[in-house]
1. Which ³J(HN,Hα) values in Hz, rounded to whole numbers, follow from the phi angles of the stretch B:63-79 under the Karplus curve 6.51 cos²θ - 1.76 cosθ + 1.60, where θ = phi - 60° and Gly and Pro get x?
2. Suppose a student asked you for the relative contact order of chain A, using Cα pairs under 8 Å spaced at least 6 residues apart; what percent would you report?
3. Can you give me the angle between helix A:157-169 and the longest principal axis of chain A, using Cα atoms only, in degrees from 0 to 90, rounded to the nearest 10?
4. What does the charge count around A:Gln292 come to, taking other residues whose C-beta lies under 12 Å from its C-beta (Lys +1, Arg +1, Asp -1, Glu -1)?
5. Using DSSP to call loops (not H, G, I, E or B), can you name the trypsin sites (Lys or Arg not before Pro) in the stretch A:275-309 whose Cβ has at most 14 other Cβ atoms within 10 angstrom?
6. Just tell me which lysines come within less than 20 Å, Cα to Cα, of A:Lys256; anything on the same chain fewer than 8 places away is out.
7. What is the set of long-range amide H partners of A:Thr17 at a cut-off below 5 Å, with H atoms built 1.01 Å from backbone N?
8. With point charges of +1 on the Cβ of Lys and Arg and -1 on the Cβ of Asp and Glu, referenced to the Cα centre of chain A, which listed residue (A:Leu11, A:Ser110, A:Tyr229) lies farthest in the positive direction of the dipole?
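The values are calculated or read from the model by the stated rules, or taken from the named source; none is laboratory data. None of the values given here were measured: they were computed from a predicted structure. Please note: Cβ atoms are built from the backbone with ideal geometry, for glycine as well, and neighbour counts cover all protein chains shown. What goes into the accessible areas is simple: the full protein's heavy atoms, side chains included, and nothing from ligands, DNA or RNA. Shrake-Rupley method; radii C 1.70, N 1.55, O 1.52, S 1.80 Å.
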Amino acid sequence: MAAKLLEVSGLEVQFDTSSGPVRAVRGVSFDIAEGEVLALVGESGCGKSTTALSILRLVPRPGEITGGRIVFDGVNLLDLDECSMTQYRGKQISMIFQNPLVALNPVYRSGFQVQEAVMLDKVPPDRAWRAALNVLKQVRLPDPEDRARSYPHELSGGMRQRVMIGMMISRFPRLLIADEPTTALDVTIQAQILDLLDDLRHEKRMSLLIITHDLGVVADIADRVGVMYAGALVETGDVTEVFEKPLHPYTQLLLKALPRGPKNELRLESIPGGVPNLSNLPPGCPFHPRCQRRLDICSKVEPETLEIHPGRTVRCHLVGGESFWKR
Amino acid sequence: MEALVELERVKKHFVIRDGILGRRRRFVHAVDDVSLSIVRGETFGIVGESGSGKTTIARIIPRLVNVTSGSVKFSGIDICRASGRELMLARRRMGIVFQDPASSLNPRVTVAASIQRPLQLAGLPAKEARDRVREVAELVNLGTEVLDKFPHELSGGQQQRASIARAIVLRPEFVILDEPTSALDVSVQAQVLNLLLDLQQRFSLTYLFISHNLPVVRYLCDRIAVMYLGKLVELASTGVLYREPLHPYSLALLMAAPPPDPKMRNRRRFILTGDPPSLTNPPQGCRLHPRCQFAVERCRVEEPELRDYGSGHLAACHRIGDLDLGFAM
Ligand SMILES: Nc1ncnc2c1ncn2[C@@H]1O[C@H](COP(=O)(O)OP(=O)(O)OP(=O)(O)O)[C@@H](O)[C@H]1O
Ligand SMILES: Nc1ncnc2c1ncn2[C@@H]1O[C@H](COP(=O)(O)OP(=O)(O)OP(=O)(O)O)[C@@H](O)[C@H]1O
Ligand code: SF4
Ligand SMILES: [Mg+2]
Ligand SMILES: [Mg+2]
């Protein structure tokens, strides 16, 4: 097994809002080896982006990391001062943001922004410009020379996304965090981008933390998956195992909610009930109000994370715990 | 069948400037000679290459951008020539969910205020407006605690649901949905899709649905248009398109989507080869020819016309007679 590049343990993040604290991340632990691809999936609003932002220590205020460790290459990033942290951002760890408009500056031409990124590594401007064009070509931006001179609002949604991907891979980070990197792309370009990311991990041993709602993308590129629900990781494991034998009822329903035919043939199975309110979680397992398989204990005690075998964990009373022994 | 929206030979060219002081002018042919009509009560899907002009079409219908040439009609109203007042009234009958959900929410006001805004503009009393906001928030499964937050405090999926709520709050008859579910997890996505179907049945809505997610498009749409580089290359009813795609680009799209099954990872993928083409200087002949594995000499010189291959199944490709693409699926 390759060395662990990133080890997150017991991560806690809280937003202090006027309506009380929002516990966006609750005791999340996972690791990523060099050259490995971990996918995070889960309910919208369950804390995936917040987990990702924590690694770069970019959780926006009023959010705060209130506990846990984030060890990157042997160093706990949470112990660093802001200045040393800057050394890690972009060069060691870089992030493709969910909303490209956040990462791209509207008043600068898109190619210039990639060039700037490359120049941070003390590359002279002309070489950086060539590197920028090259990377824009790699992310399949059409007419890279022309498009490099366009402002973000002059690009289509998918082009903006590709410019951002280019900017983030231009410095060959050791860990790339990609938050919904291909949502704005058509599937033929998506396939090419996924291949590009796959090449980077094989050739440069880049590790990838990918957040996506597209289970097809997960199946295509991930080695392992983590499923999040209400701020916690409820299931992790090898991608094939999780897809074939999902253990957590939430994961099981998630895999069933995929549209697989035309509307007159079936109605989509959505998970009944509302998304949990993170500032006021129900007692016990946060999924129990929506779970069709719940036991009595589920509304009283929150299940602990159970390791079934190395790398395979689940957090549900149906697996392990008291009920497991009673069966 | 009554057409609610009719586009006739619509072109939209954007000017881009470059060179020193922007003296060289060039044109991006974002939408190039597209005609289509959306029938009342149907869900009309547009899929296609990124940058092929889908969002531009969505913006042309409510005249958020002006066409370069061609005509656009909404419920008989000539949108390109409508007066300010006519246009305002027509727009009130349309709801729009933009591709970047954050951009349809005002960052400086709460989500509730953003959703309420169209109601205020339409002159609804405040109390009634607030009730409507709560009702519509419930419809899209947005918790009431989220309503009092500001957009930046929301996750991507919450923002997207808020912008859907805003788009349907006026109970429009026509809703444009540009990638409305791309930031949603599959379960919330399923809820939103089911919701869209319910709303459609209850209020006989007409949808224009743009998405890169082919299973979603297949699930929701009655007819689908496929675009490549500003051109409409195929148009068919959903069942027909998925069973018998005629255009090589449609086939590439259908084949490139990764199935949600890790064991099929190394399956045979039909990917377009070559670089994405230039938009300012599109290829001669068929625009797909440099990347099409079926291209012959004729494709390089002559632009294929959009032809009807039976019951409204349109496609533009020279080789349709010779090819049976069904085999490749
Ligand atoms: N700045 C903020 N202030 C208050 N609450 C916030 C803020 N940012 C995020 N949250 C809350 O934290 C929770 C987690 O948000 P996060 O963006 O991590 O979700 P996510 O899993 O990435 O969701 P999505 O899939 O929809 O992008 C959400 O409930 C959100 O409302
Ligand atoms: N304001 C503008 N100025 C210049 N060019 C523009 C402008 N808006 C759009 N374009 C160009 O028009 C073309 C079509 O863009 P459009 O946004 O319609 O594509 P799209 O099909 O929606 O793509 P995507 O799937 O990536 O969102 C693109 O080449 C884009 O760069
Ligand atoms: S016209 Fe020729 S190049 Fe164009 S899609 Fe058909 S076979 Fe391919
Ligand atoms: Mg997110
Ligand atoms: Mg678009």
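1. The phi angles translate into 6, 6, 10, 8, 6, 7, 7, x, 10, 10, 10, 10, 6, x, 7, 7, 4 Hz.
2. That works out to 19 percent.
3. 80
4. Taking every other residue near A:Gln292 into account, the sum is +3.
5. Within the stretch A:275-309, the qualifying trypsin sites (Lys or Arg not before Pro) (loop, at most 14 other Cβ atoms within 10 Å) are A:Arg293, A:Lys300.
6. Result set, ordered by chain and number: A:Lys245, B:Lys263.
7. Answer set, sorted by chain and number: A:Val22.
8. A:Tyr229
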